[in-house]
Structure formats: structure tokens, C-alpha cells
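The values are calculated or read from the model by the stated rules, or taken from the named source; none is laboratory data. This one's a predicted model, so the numbers in the text were calculated from it and none came from an experiment. Every residue, glycine as well, gets a Cβ built from its backbone with ideal geometry; the counts of neighbours run over all protein chains shown.
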Amino acid sequence: MGQPWHFEKREVKPEQLASVLQELAGPDLLGINLTLPLKEEVFSHCSPTPEARAIGAINCLRWRDQGWEGHNSDGQGWLDSFQEELKVTLEGRKVLVLGAGGACRAVLHKVRGQRPAEIVLFNRTPERARALAQESERVVGWTDLASELEPDCVVVQTTSVGMWPNQHEVPLAWPARLPSGVIACDLVYNPSPTLWLSQAAEKGARTLDGCGMLVHQAMCAIEWWTGHKPESAPMMRALKNSLR
Ligand SMILES: NC(=O)c1ccc[n+]([C@@H]2O[C@H](COP(=O)([O-])OP(=O)(O)OC[C@H]3O[C@@H](n4cnc5c(N)ncnc54)[C@H](OP(=O)(O)O)[C@@H]3O)[C@@H](O)[C@H]2O)c1
């Protein structure tokens, strides 16, 4: 972007969060990204945007009017990646969502706004999926994937299963044959693709890995901090090179 900015990482334990935010407070800092386990902890230190409040997790902060503002760019990042890379919309499609953690809440928030035909939730611990489900949404058993698949449906895998160093694990087995037009998305980006996504591709599904979401959530955060949106291509190249 031709700007004299730099980005550095720090390990911050939950009990250190208050003092680190106090140290960094002020207009010289453009913004902060946060990851687990700080995404919920940080609510008590900032005023959340409506999007962050609806998702229940914060992944970026900026200093405004003498205080921290907290936002969530994960859901928008996933949706931008879906639309940019696959060039289709979610409208009218059945969407199956695996997982019930923070990343799932961000994706679900965005899926709900895209007028899907139906949303079905699966989670290893079904009570957590039931706690997320809205009235029109169904929670089914963790192993019911095969019976819920239908032509042109979208399956979004938001659990951490398959992530390095457990790259040989899959969250759920695909059936021997997939209906036509299935789109399989995995939020995990290391490795890219995951074993689960490769298996879907072998059975004829279109696939979306987690790299685009990672790049697009960062682009949304940079735009929120600076008012300038970076281009995706150089960020995607840098990410792919760092994952090699
Ligand atoms: N691409 C991106 O930009 C991006 C952004 C955010 C997150 N992510 C990725 O998304 C994944 C989830 O992150 P999160 O923040 O949502 O984590 P989280 O809040 O800890 O949720 C973890 C989810 O994974 C499930 N899970 C964990 N181990 C499992 C297993 N062995 N079998 C079945 N389910 C299992 C959990 O199920 P239970 O409820 O049963 O425990 C829960 O639904 C991570 O891999 C993260 O790297 C990617």
C-alpha cells in the first residue's frame, strides 16, 4: 500500500490484556488484531460494534474518542472470500455448518443475511449448536452429513479439525457419492487444502479453503483502521509463500 506502517505480533495472556491495552492506547497505533483466547475476553475493555456484538467475538480493535472500539471482520472476510473466489451467492442454497465456536458464529451471522434456503447446524457437542440455532434453523446429529447433502448445497467446516499438526484428521466422512454442485468450504488454512477438502474435491465438489477468509478478514480490518482497502492478490501471494 506504499505506507510507512508495520505490523508486529505479541503473545498476550488474558491476565495481561488490560495492561497491554493501556500501554498501546492512543492515536499513534492504527489497530490491533486479536486471536484466541482473547476474542471474548476483550469485550470488557472496549465498546463493540453492532457486528461484534451480534457475533459475540472481537478480532480487531481501534482507538477512537479516548477509548477502544472492538469489531469482528471474520464473518465479512469469509463472505468476501466466498463471493470473490467462487463467484456465486448463498441465496436460495441449503447451507450446512459444522462447528459451534467463535469462527462459526462469525460465519453464521453472515450466512443468515444472505437469504439461504435453509441453515442446518452440526456440532460434536450438539448443545452448543442448539444454543446458536435460531427458530428457523435445524440442529442435527454430528454424523448426519450424508443424509443432509443435496444438490448445490454449501457445507462450511468451521471446526479446528484437520489443522496442523493434526492434518491427517477429518471432522466427518463424506459419503461415497456427492450430489451435483456441492460447495465445500473449510476455514482451516494450514494445511491448504485440508484432507477433508481434498476428499470433497476428489468426489467432484467445488472447494474453498481458509486462506481467502484469512486474507479478507485482514483486508476488512485494515480498511476499518485506515479507511483504505488493500488488494487481495499480494496478500494472498504472501500468505501462500509463508505456508509453503
Ligand atoms: N481462515 C480464517 O481466517 C479463520 C478465522 C478464524 C478461525 N479459523 C479457524 O477456524 C477453526 C475454529 O476456530 P474457532 O475460533 O471457532 O475455535 P473454537 O471456538 O475453539 O471452536 C472449535 C470448534 O471445533 C470443534 N472441535 C474441536 N475439536 C474437535 C474434534 N476433535 N471433533 C469434532 N469437533 C471438534 C468444537 O466442537 P465442540 O463444541 O464439541 O468442542 C467447536 O465447534 C480453527 O481451525 C481456526 O484456525 C480460521
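Structure above, values below:
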| quantity | calculated |
| --- | --- |
| Odd one out for Met236 among (1) within 13 Å of the ligand (Cβ to nearest atom); (2) in contact (Cβ under 8 Å) with a residue 60 or more places away in the chain; (3) not charged (D, E, K, R) | (2) |
| Residues of the stretch 67-95 satisfying the condition of being free of Cβ contacts under 8 Å to residues at least 40 places away in the same chain and over 15 Å from the mean Cα position of the chain (by Cα) | Gly67, Glu69, Gly70, Lys87, Thr89, Glu91, Gly92 |
| Identity of the residue in the stretch 177-191, in a loop (DSSP other than H, G, I, E, B) and near the ligand (Cβ under 9 Å from one of its atoms), that ends up farthest from the chain's Cα centre (by Cα) | Asn190 |
| Pick from the stretch 136-154, criterion of a type in the set (Asp, Glu) and at pLDDT 95 or above, ranking: farthest from Glu91 (Cα to Cα) | Glu148 |
| Verdict on Leu121 being in a loop (DSSP other than H, G, I, E, B) and either under 26 Å from Ile55 (Cβ atoms) or among the hydrophobic types (A, V, I, L, M, F, W, C) (or both) | no |
| Helices (runs of 4 or more DSSP H) fully within the stretch 4-105 counting 1 or more residues that are modelled with pLDDT of 95 or more and either assigned by TED's automatic domain parsing to the domain that holds Pro151 or exposed (fewer than 12 other Cβ atoms within 10 Å of the Cβ) (or both) | 17-24, 50-55, 74-86 |
| Residue in the stretch 117-147 that is nearest to the ligand (Cβ to nearest atom), counting only those that are closer than 21 Å to Phe82 by Cα and surrounded by fewer than 18 Cβ atoms within 10 Å (Cβ to Cβ) | Glu118 |
| Matching residues in the stretch 54-66 - criterion: being over 14 Å from the mean Cα position of the chain (by Cα) and either within 14 Å of the ligand (Cβ to nearest atom) or within 24 Å of Thr125 (Cβ to Cβ) (or both) | Ala54 |
| Selected residue (only one of Val139, Val182 is touching a Cys at 6+ places or on another chain (Cβ under 9 Å), hydrophobic (A, V, I, L, M, F, W, C) and more than 22 Å from Leu34 (Cα to Cα)) | Val182 |
| Which listed residue, of Ser180, Ser192, is in contact with a Gly (Cβ under 8 Å, 6 or more places away or on another chain), under 30 Å from Met1 (Cα atoms) and not hydrophobic (A, V, I, L, M, F, W, C) | Ser192 |
| Matching residues, the stretch 184-207, being surrounded by fewer than 24 Cβ atoms within 10 Å (Cβ to Cβ) and closer than 21 Å to Ala238 by Cβ | Tyr189, Asn190, Pro191, Ser192, Pro193 |
| Which numbered condition Thr207 fails, given (1) within 11 Å of the ligand (Cβ to nearest atom); (2) in the same structural domain as Glu84 (by TED's automatic domain parsing) | (1) |
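Residues checked against (1) β-branched (Val, Ile, Thr); (2) more than 16 Å from the ligand (Cβ to nearest atom):
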{"site": "Glu150", "(1), (2)": "no, yes"}
{"site": "Val155", "(1), (2)": "yes, no"}
{"site": "Ser160", "(1), (2)": "no, no"}
{"site": "His168", "(1), (2)": "no, no"}
{"site": "Pro193", "(1), (2)": "no, no"}
{"site": "Cys211", "(1), (2)": "no, no"}
{"site": "Ser232", "(1), (2)": "no, no"}
